[in-house]
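Take a look at the structure below.
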Amino acid sequence: MDDKKYINLIKSTNIADYSDIKGIIIIKPYGYSIWENIKNIFNKILIKNNYNNLYFPLLISKKLFELENKKLNIIPKECAIVTHSKFKINYNNKLIIDKKSKLNQELIIRPTSETIVWYTFKKWIESYRNLPIKINQWCNVVRLEMRTKFFIRNSEFLWQEGHSAHSSKNEALLEVKKVKLMYKKLLKNYLCIPFISGYKTRKETFPGAKFTYTFETITKEKGKSIQLATIHYLSNNFSKVFNVKYTNEIGKKVYTWGISWGISTRLIGAIIMIHNDKKGLILPPKIAPIQVIIIPLINNYILKKRIFFIKNILIKSNISVEIDNNFNITPGKKFYKYDNMGIPIKLIIGINELKNNTVELIRRDTFKKYYLDINNNIYIKILKILSNIHKRMYIFAKIEMKRKTYFVKSFKNFKKKINRNYGFYSAYWYKDSNNESNIQSITKSTIRCITSKSKKQHKCFYSNKFTNIKIILGKSY
RNA sequence: CGGGGUGUAGCGUAGCCUGGAUAAUCGCGCCUGGUUUGGGACCAGGAGAUCAUAAGUUCAAAUCUUAUCACCCCGACCA
């Protein structure tokens, strides 16, 4: 999918629109319900894993950022900074900042919330009995990026950020494992997104973290990489910054351990880029705002009753269903519209179906037609088809990702190949940040993650030194 | 933030190089009436544009010049 198609698809499906500020978008109802569905699903996963939702403030004081900067060397580079509180009108009748209203201290619109979270943890944590603390918030964050793209890189985006504090290193590391499973479940079982996962190189790791674990996928046609989710193992970096110590079982004061992790509305971008065809978007059934659209072909009282009958059956089975009763538009046009929107199932009823007590069903993914007997528990068949669509979407996306995953032994070979085809390139690599920078500047691609360590030693594809580290390279958005 | 491109009705566009007369082409969409409705219907009529913004050149600017803003593409930055 080229970029123009991507933008047109988002606009024509009413998922989102531009605002008047660069990189800041309006998420329209159809797009927002996709996000709400993701939220609802993930909230259930969060509850199961003993996380509580809460809310931290949008504005963070510069004072706290300074603490962080001193110890961890985190310099917020693309933040929006609030400096004044008033406007006045000048001689041209234009609004200008009232310089008298300059704030005593600059406020920063959160680019992420570790700062305020750990400032707060300091107040909450005294004893080992207070631990672990496991919290999550759904909010917006602002990062004024130079180059933006719908959902993939916005200046403001919605996300989920999980934070936890633990009494031991092992417990924190165990939590990383748990979150990995949470994300794997969401991506595979709900969003039909295949991925590779692994550790970021030091260069790509969040500055406040000991390591960053990442989930990456590639887009359908282009094969560009998209980061889907991240988990940062913070070790006790932040607890040292904010002096978050607790008294342990033997009365000693020790630092706490932490992790933080997030997924954002970028997932919507990933879904669009992965699940589409010539006719438009194909939404994974479990997050589709409308799973079944019923299209009556004639405006008729008996048919109307029949449709409500079907709708009620489906609603009872928790299938989200809508009826298109607009007879000013011809059926063909409706079919194209709903195909473009990616609605998994269309149910069509006309004279023939009414006579035969059937309904015609068309799958969005394969366009295969089924005729269902309406007196024979149609919801069972529909649930089954929804689940088949899900499975097929995941498998196809996975095959596509595998097809675009190559193994390279030499840098020469890699350079040649990535120029022709983007994708995932796996290789053995000897850890060296200078080499990493060279690889990036020569090929315009980055090390997406370190996927595994083999038992045997292999030659590094770049330096020929022996190594057991296997990486995935790719060109990212 | 550097390089390139674009900005004309709700959307997509023609016109711009080579300035011209009532200031604007075509398609989609929208409104009214009628016939239609099984994979993008048709006929008739209608509404809708300070040509991104600002300044300049000129008798005359959508068209030329400059600045600003936004968007797109390619870099650097980044979830």
Relative to the first principal axis of the alpha-carbon coordinates of chain A, what is the inclination of helix A:114-124, with its axis defined by its Cα atoms, in degrees from 0 to 90 and to the nearest 10?
70 degrees
Looks like segment A:283-364, by Cα gyration tensor root eigenvalues a ≥ b ≥ c and the a/c under 1.5 rounded cutoff (else prolate when a/b is bigger than b/c, oblate otherwise), is oblate
Positive-end residue of A:L191, A:Q137, A:Y119, charge dipole of chain A with Cβ unit charges:
A:L191
Could you derive backbone 3J(HN,Hα) for segment A:188-194 from the dihedral phi with the Karplus parameters 6.51, -1.76 and 1.60 (θ = phi - 60°), listing whole Hz in sequence and x where the residue is Gly or Pro?
7, 7, 10, 9, 6, 10, x
So, with a 1.4 angstrom probe, what is the percent of accessible area on segment A:378-477 that is carbon and sulfur?
51 percent
With only Lys, Arg, Asp and Glu charged, each at its Cβ (+1 for the first two, -1 for the last two), find how big the charge dipole of segment A:149-221 is about the Cα centre; round to the nearest 20 debye.
240 debye
Leaving out ligands and nucleic acids, note down the accessible area per residue over chain A with a 1.4 angstrom probe, in whole Å².
50 Å²
Dividing the mean separation of Cα pairs under 8 Å (6+ apart) by the residue count of chain A yields a relative contact order in percent of 13 percent
In degrees, nearest 10, range 0 to 90: what is the angle between the Cα axis of helix A:433-443 and the longest Cα principal axis of chain A?
40 degrees
Cβ neighbours within 10 Å, averaged per peptide: list A:463-472, A:108-117 in order, most packed at the top.
A:108-117, A:463-472
Can you find, among A:S264, A:N421, A:W35, the residue sitting farthest towards the positive end of the charge dipole of chain A, where Lys and Arg contribute +1 and Asp and Glu -1 at Cβ?
A:N421
Filtered chymotrypsin sites (Phe, Trp or Tyr not before Pro), segment A:6-90: DSSP coil and at most 11 other beta carbons within 10 Å
A:Y55
What FRET efficiency do you get for A:K71 and A:R147 if R0 is 25 Å and r is their Cβ-Cβ distance, rounded to the nearest 0.05?
0.20
Based on DSSP H runs of at least 4 residues, each adding -39500 (n - 2.57), what is the mean residue ellipticity at 222 nm of chain A after dividing by all its residues, to the nearest 500 deg cm²/dmol?
-10500 deg cm²/dmol
For A:K355 and A:K412, what does the FRET efficiency come to when R0 = 56 Å and r is the distance between their Cβ atoms, rounded to the nearest 0.05?
0.25
Where trypsin sites (Lys or Arg not before Pro) fall in DSSP loop in segment A:39-98, at most 15 other Cβ within 10 Å:
A:K77, A:K86, A:K94
Please compute the modelled spin-label separation between A:N53 and A:E36, points set 7 Å along Cα→Cβ, answer in nm with one decimal.
1.2 nm
Total charge dipole magnitude, chain A, about the Cα centre, Cβ charges on Lys, Arg, Asp, Glu only, Debye to nearest 20
1420 debye
Using 0.36 nm per residue of separation minus the Cα-Cα distance, give me the extension gain between A:N326 and A:I26 in nm, one decimal.
105.3 nm
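The values are calculated or read from the model by the stated rules, or taken from the named source; none is laboratory data. All values derive from a computational prediction rather than experimental measurement. Counting neighbours? That spans all protein chains shown, and the Cβs are built from the backbone with ideal geometry, glycine included. We work out accessible area using only protein heavy atoms, side chains counted, and drop any ligands, DNA or RNA first. Shrake-Rupley method; radii C 1.70, N 1.55, O 1.52, S 1.80 Å.
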